[in-house]
1. Which of the residues spanning the range 56-85 are modelled with pLDDT of 95 or more, aliphatic (A, V, I, L, M) and surrounded by 15 or more Cβ atoms within 10 Å (Cβ to Cβ)?
2. Among the numbered criteria (1) within 20 Å of G100 (Cα to Cα); (2) away from ligand 1 (no atom under 11 Å from the Cβ); (3) surrounded by fewer than 22 Cβ atoms within 10 Å (Cβ to Cβ), which single criterion is violated by S246?
3. Kindly provide the set of residues from the range 139-179 that are of a type in the set (A, V, I, L, M) and within 11 Å of ligand 1 (Cβ to nearest atom), ordered by number.
4. Go through the range 161-183 and count every residue that is within 16 Å of ligand 2 (Cβ to nearest atom), touching a Pro at 6+ places or on another chain (Cβ under 9 Å) and closer than 15 Å to T272 by Cα.
5. Which strands (runs of 3 or more DSSP E) sit wholly inside the range 143-257 and have at least 3 residues that are within 12 Å of the chain's Cα centre (by Cα)?
6. For T227, state whether it is within 16 Å of ligand 2 (Cβ to nearest atom) and in contact (Cβ under 8 Å) with a residue 24 or more places away in the chain.
7. Quick check on the range 202-209. Is at least one of its residues in contact with an Asp or Glu (Cβ under 7 Å, 6 or more places away or on another chain) and within 16 Å of ligand 1 (Cβ to nearest atom)?
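The values are calculated or read from the model by the stated rules, or taken from the named source; none is laboratory data. These numbers were taken from a predicted model, which means no experiment stands behind them. Using ideal geometry, Cβ is built from the backbone for each residue, glycine included, and neighbour counts are taken over all protein chains shown.
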Amino acid sequence: MQAITPELREWIISQAQAGQSVRTVLKALTDAGWQEAVAVDAVESTLHVHLQAQAASLGLPPAVPVPVPAIGDSPLYVDAGDKRVAVLGVMSFPPIVVFGDFLSAAECDGLIEAAKPQLKRSLTIDTKTGGEEMNEARTSSGMFFRRGQNELLEVIEARIAKLLNWPLANGEGMQVLHYRPGAEYKPHYDYFDPGEPGTPTILKRGGQRVATFLMYLNEPEKGGGTTFPDVHFEVAPKRGNAVFFSYERPHPSTKSLHGGAPVIAGEKWIATKWLREREFS
Ligand code: PD2
Ligand code: ZN
């Protein structure tokens with residue numbers, strides 16, 4: 001086995017700083033006689049450490065692992081255990097994947113009907129106190145299920161875990177939101193702001209949120225898309241479809257700012273599953 005020396009690490013960093021692509025650096029290493037597996041490992045580990053150090057020097061919180069759906073080789077479908085789910089669109093940064101037909105019509109209706117009796121004007125977690133607060137930016141009604149609260153949730157939660165390749169136990173209980181005409185959710189980040197005094201309390205249950213999986217349960221007549229203002233991208237709220245996005249650090253540099261555009265006509269129902277770093281209990 002060839003060893004990764006400090007000189008090799010320095011050379012890899014200098015190549016990256018000079019703007020060479022990872023592919024070019026790897027080719028140079030294998031041409032110089034490095035075994036491919038060693039070269040890949042050296043480049044990956046060196047650049048990872050280097051990027052973390054750079055981020056820290058800029059005052060950014062460290063990056064953590066996030067869920068990554070298995071779409072590396074651009075499949076049309078991804079295996080989600082009990083069904084295969086269509087991939088409709090992929091953005092590499094910020095990491096966003098739009099999935100088609102994740103839920104059946106019956107599953108969408110089942111979630112709406114189970115949620116209806118428990119809907120309340122939406123609250124958001126108040127990072128100043130760790131408690132919950134009414135939020136003017138979010139004019140919807142909502143409720144939370146417990147994880148595994150009924151059979152339908154068990155099936156859907158297992159499907160999400162398989163699709164995203166992330167432990168089921170790291171998921172929060174699913175939230176269902178109902179928007180009437182005019183209701184919206186102004187652009188925000190789903191992670192908890194590290195600068196707020198209530199955040200350490202919130203993080204005791206499973207650490208940070210690292211990704212969001214949002215499922216559309218019906219179709220508004222007009223409006224109600226999910227917007228990503230930093231990248232001028234909008235996901236249409238099509239029944240049964242879902243959008244996934246991740247954020248590797250609790251910082252705006254993730255470009256994970258997103259919002260629910262105002263519903264212009266009709267109503268909108270969505271279900272949201274937030275994924276934590278660790279087991280959420
Ligand atoms: O309803 C939406 O499209 C939406 C937009 C932004 C939902 C959420 N955030 C959320 O549940 O966090
Ligand atoms: Zn959100």
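1. Result: V66, V68, V78, A80, V85.
2. Of everything listed in (1) within 20 Å of G100 (Cα to Cα); (2) away from ligand 1 (no atom under 11 Å from the Cβ); (3) surrounded by fewer than 22 Cβ atoms within 10 Å (Cβ to Cβ), S246 misses just condition (3).
3. Once the filter is applied, which keeps residues that are of a type in the set (A, V, I, L, M) and within 11 Å of ligand 1 (Cβ to nearest atom), the range 139-179 yields M174, V176, L177.
4. 1
5. In the range 143-257, the matching strands (runs of 3 or more DSSP E) lie at 209-216, 242-246.
6. yes
7. So far as the range 202-209 goes, yes, one or more of its residues are in contact with an Asp or Glu (Cβ under 7 Å, 6 or more places away or on another chain) and within 16 Å of ligand 1 (Cβ to nearest atom).
Table: residues versus (1) surrounded by fewer than 22 Cβ atoms within 10 Å (Cβ to Cβ); (2) farther than 30 Å from G59 by Cα; (3) away from ligand 2 (no atom under 14 Å from the Cβ).
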residue	(1), (2), (3)
P187	yes, no, no
F192	yes, no, no
G195	yes, no, yes
I202	yes, no, yes
V235	yes, yes, no
G240	yes, yes, yes
H251	yes, no, yes
H258	no, no, no
A261	yes, yes, no
